[in-house]
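Chemist: Dropping the structure in here first, questions after.
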């Protein structure tokens, strides 16, 4: 920005030079290179003229004072406020008992090497209204202190390290970005947490596990709510009318008849259901939410295999089609008794099973029981035979049988079911790639885009 009258005059001279260059170019023969140069010069002229207008508005009394809410905005605000006060750099130096050389250097460098205390002391002499962390009587907590505050409030360590304060965040600007991320996800900034605020209880339609730690549950529920609200911002349209019968849902999710996680997720996006996968290790299995007509699903199965991800996806779809109005549901661990025995969870599980087996669930189970002779040791061969006969992906049927065996108390057959899963691409990456090709990023602000980037970032696994 323009900080002195001399810079103002230099800027005017540069604009005249650019206009002369523009006139010369416009008189030459048209070419792609000439057109590119013309656009570049016009952009530079517009930028310089905007700087002149800003300087004029600050020096003509149109603005009364400068409002600053974030520390990162203070350096430019100091220059604006000095101009607004009608002070030269020399007069500001005298007023703040600093040397003229220091003021000139600080403004030239954007106050990048000046302590926050000195910046605040200069601000106190100028027409600046300080708010939030820019206030002179408030100091933000250090990174370790903030992490401790959020942990005490229940925020899982993984969320803090991976999303709120990822590696490489340094400096005042990053502190402000942390504040913005907290405000966007939880509706609370650093100041509120420093003053003892906790995470609001998200109104859940369904009951979480009875043994869930309350503070951690509230914190993660608030996090899920925030993530879902960002995803809803990227959805181009409200969720359409969804079929309620399993056969119609199967045709919607797999129009070519081939069971595919990528196809199912794309079909969800096509009807206005945003889908994303999370990879934190917090003991929750997934979530779904509908607010203002926009539905969102978060998948977080413990397995990499698409059979489990598909089952979870359709399970959450059932909740969306069976509930009216706005709601938020966070699933407990997929093997928890509370979840397995809840009536609506059973209905959701059966709906998903019918979609994935094309209605052959009971017949397939009958064949597995008959061929295995009731012996767990014979289940692998029996599952293979039934899957082949009824044209059910063997990994899907294996998981359904493992769940049935565990529910009946006979044994834990999940290890054997795991061995029947096909070798395939990481399911989280499949869901991530469909998200990237489907979401509408035009309505995201920089903070929302940064949060999504952290959630979608590829890691070596």
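The values are calculated or read from the model by the stated rules, or taken from the named source; none is laboratory data. Computed from a predicted structure; not experimentally measured. As a convention, Cβ positions derive from the backbone with ideal geometry for all residues, glycine included, and neighbour counts pool all protein chains shown.
Chemist: Please pick out the residue among 364, 398, 360, 386 that is within 26 Å of residue 245 (Cβ to Cβ), touching a residue at least 60 places away in the same chain (Cβ under 8 Å) and surrounded by 15 or more Cβ atoms within 10 Å (Cβ to Cβ).
Modeler: 398
Chemist: All but one of (1) assigned to a helix (DSSP H, G or I); (2) free of Cβ contacts under 8 Å to residues at least 60 places away in the same chain; (3) within 15 Å of residue 1 (Cβ to Cβ); (4) under 38 Å from the mean Cα position of the chain (by Cα) hold for residue 44; which doesn't?
Modeler: (3) is the only condition that residue 44 fails.
Chemist: Which is part of a helix (DSSP H, G or I), free of Cβ contacts under 8 Å to residues at least 60 places away in the same chain and within 35 Å of the chain's Cα centre (by Cα), of 36, 78, 58, 52?
Modeler: Testing whether each residue is part of a helix (DSSP H, G or I), free of Cβ contacts under 8 Å to residues at least 60 places away in the same chain and within 35 Å of the chain's Cα centre (by Cα) leaves just 78.
Chemist: Check 113, 108, 94 and return the single one that is closer than 17 Å to residue 8 by Cβ and surrounded by fewer than 19 Cβ atoms within 10 Å (Cβ to Cβ).
Modeler: 108
Chemist: Can you tell which of 436, 423 is modelled with pLDDT under 95 and assigned to a helix (DSSP H, G or I)?
Modeler: Unique residue meeting the criteria: 436.
Chemist: Check every one of the helices (runs of 4 or more DSSP H) wholly within the stretch 245-326 and list those with 3 or more residues that are touching a helix residue (DSSP H, G or I) at 6+ places or on another chain (Cβ under 9 Å) and closer than 21 Å to residue 422 by Cα.
Modeler: By residue number, 261-270, 306-322.
Chemist: Which one of these is under 20 Å from the mean Cα position of the chain (by Cα) and under 19 Å from residue 351 (Cα atoms): 278, 329, 252, 261?
Modeler: On inspection, the qualifying residue turns out to be 329.
Chemist: When you look at residue 23, is it part of a loop (DSSP other than H, G, I, E, B) and surrounded by fewer than 16 Cβ atoms within 10 Å (Cβ to Cβ), yes or no?
Modeler: Taking the combined requirement at face value, the residue does not satisfy it.
Chemist: May I ask you to say which residue of 397, 456 is at pLDDT 95 or above and either assigned by TED's automatic domain parsing to the domain that holds residue 309 or closer than 22 Å to residue 260 by Cβ (or both)?
Modeler: 397
Chemist: For residues in the stretch 103-120 being in contact with a helix residue (DSSP H, G or I) (Cβ under 7 Å, 6 or more places away or on another chain) and free of Cβ contacts under 8 Å to residues at least 40 places away in the same chain, which is nearest to residue 76 (Cα to Cα)?
Modeler: 110
Chemist: If residue 133 meets every condition in (1) at pLDDT 85 or above; (2) within 29 Å of the chain's Cα centre (by Cα) apart from one, which number is that one?
Modeler: Failed condition: (1).
Chemist: Taking the conditions exactly as written (closer than 30 Å to residue 21 by Cβ, within 32 Å of the chain's Cα centre (by Cα) and either assigned to a helix (DSSP H, G or I) or at pLDDT 80 or above (or both)), does residue 110 satisfy them or not?
Modeler: The answer is yes for residue 110.
Chemist: Here is a further query. Sort through 232, 221, 167 and tell me the only one that's closer than 30 Å to residue 440 by Cα, within 20 Å of the chain's Cα centre (by Cα) and at pLDDT 90 or above.
Modeler: Step by step, each of 232, 221, 167 is checked, and only 232 is closer than 30 Å to residue 440 by Cα, within 20 Å of the chain's Cα centre (by Cα) and at pLDDT 90 or above.
Chemist: Right, another one. Please state which one of 150, 208, 185, 155 is outside any helix (DSSP H, G or I), at pLDDT 85 or above and crowded, with 16+ Cβ neighbours inside 10 Å.
Modeler: Selected residue: 155, the only one of 150, 208, 185, 155 that is outside any helix (DSSP H, G or I), at pLDDT 85 or above and crowded, with 16+ Cβ neighbours inside 10 Å.
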